[in-house]
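Participant: Could you have a look at this structure, given as structure tokens, before my questions?
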Amino acid sequence: MRVRLDLAYDGTEFAGWARQRSGVRTVQQVLEEALTAILRVAEPVALTVAGRTDSGVHASGQVAHFDLPEGVWSAHREKLLRRLAGKLPMDVRVYRAERAPAGFDARFAAVSRRYVYRVCDSREGTLPIRRGFVLWHNRALDVDLLNEASRLLLGEHDFAAYCKKREGATTIRRLLDVHWERTRPDEVEATVEADAFCHSMVRALVAALLMAGDGRCAPGFPAEVLFTKERHPSVNVLPPHGLTLEEVRYPTESELAARVTETRRMRTLGC
């Protein structure tokens with residue numbers, strides 16, 4: 001049977017989600033070791049995750065799954081969350097564990113992932129208590145300009161200009177939503193939602209949008225970079241600490257299998 005986990009973590013001290021050969025501390029490694037010890041299974045627990053976050057990126061709505069024998073689940077399901085809370089370090093928490101419906105796959109069944117990038121534009125800098133989750137940008141930001149630039153990026157495109165390319169992997173993605181709002185007098189938030197993301201895509205997109213929002217570039221600049229399909233020398237990848245994965249959306253149970261099939265198909269752009 002398959003178990004779905006909903007979890008959160010402070011990414012500051014993690015080298016990203018994915019387990020690495022070098023043995024550095026990752027969320028996957030910490031969580032798999034805790035689950036294997038608690039469940040006392042012969043084979044180590046192997047997790048599949050919705051979004052493989054980079055080093056230093058946080059999550060409040062991450063989703064993962066793993067498979068195990070029915071009898072093991074029955075023996076541990078009532079106390080699993082409490083035992084995980086006692087076993088895991090304080091910077092990662094599982095807040096839901098439940099039997100997954102037939103056809104569920106944390107990665108391939110996902111319809112979209114929603115991230116938030118937080119930016120402080122106060123000339124005095126970020127409050128110390130928020131410094132681990134908010135980027136300080138030392139220029140004033142205009143939310144109207146940020147949203148004007150963001151609207152031009154929506155839709156299905158080849159985001160090669162904003163991604164670190166991997167051999168054999170497509171950079172075509174459907175950007176469903178990008179919008180900004182001022183949530184505090186000294187802070188703005190970018191909400192970015194897509195069916196999937198390439199490596200470093202959100203941080204590169206937000207970097208280009210900040211250039212439009214603080215007046216260094218015209219609102220059309222991020223879209224111009226997009227359609228070149230080449231990395232622009234003035235667009236850097238922002239630091240990871242301002243980024244949080246906040247939600248992963250899934251279809252109804254009856255649509256899970258079809259979604260997995262669709263996601264696994266290599267995408268190409270239409271006319």
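Participant: Given the peptides 58-66, 192-200, arrange them by the average over their residues of other C-beta atoms within 10 Å, most packed first.
Facilitator: Numbers: 58-66: 22.7, 192-200: 20.1.
For the peptides 58-66, 192-200, the packing ranking is 58-66, 192-200.
Participant: Right, here's the next one. In straight Cα distance, which lysines are under 16 Å from residue 164, not counting same-chain residues fewer than 8 positions off?
Facilitator: Excluding near neighbours in sequence, the set is 229.
Participant: Using unit Cβ charges (K, R positive; D, E negative) and no other charged atoms, how large, in debye to the nearest 20, is the dipole of the stretch 2-99 about its Cα centre? It would help to have the intermediate numbers written out before the result.
Facilitator: Values: 15 positive and 12 negative charges, 44 e Å.
Its charge dipole is roughly 220 debye.
Participant: Take each of the peptides 241-249, 205-213, average the number of other beta-carbon atoms within 10 Å over its residues, and list them starting from the highest. Kindly include the intermediate steps, with their values, before the conclusion.
Facilitator: Numbers: 241-249: 21.3, 205-213: 25.8.
The peptides rank, most packed first, as 205-213, 241-249.
Participant: Only bridges with both residues in the chain count here: give the DSSP antiparallel percent, nearest 5.
Facilitator: Details: 42 of 46 bridges.
If we restrict to bridges inside the chain, about 90 percent are antiparallel.
Participant: May I ask you to sort 255, 189 by Cβ crowding, counting other Cβ atoms within 10 Å and putting the fewest first?
Facilitator: On the way: 255 14, 189 18.
Ordered by Cβ neighbours within 10 Å, fewest first: 255, 189.
Participant: Once fully extended, how much extra length lies between residue 82 and residue 67, figured as 0.36 nm per residue of separation less the alpha-carbon to alpha-carbon distance? Mind showing how you got there, number by number?
Facilitator: Details: separation 15, 0.36 × 15 = 5.40 nm, distance 1.98 nm.
Here the answer is 3.4 nm.
Participant: Sticking with this one: Go ahead and run the numbers for FRET between residue 183 and residue 216, Cβ-Cβ distance against an R0 of 22 Å, rounding to 0.05.
Facilitator: Values: r = 23 Å, r/R0 = 1.04.
For residue 183 and residue 216, the calculated efficiency is 0.45.
Participant: Right, here's the next one. Using the 10 angstrom Cβ neighbour count as an exposure proxy, how do 144, 105, 214 rank, fewest first?
Facilitator: On the way: 144 10, 105 20, 214 17.
Listed from fewest to most nearby Cβ atoms, that is 144, 214, 105.
Participant: Here is a follow-up. Once amide H atoms are built 1.01 Å from N in the peptide plane, which residues 5 or more positions from residue 111, or in another chain, come under 5 Å H to H?
Facilitator: Counting only residues 5 or more places away or on other chains, the set is 249, 250.
Bear in mind these aren't lab numbers, they're just calculated from the coordinates by the rules spelled out. All of these numbers come straight from a predicted model, not from anything done at the bench. Counting neighbours? That spans all protein chains shown, and the Cβs are built from the backbone with ideal geometry, glycine included.
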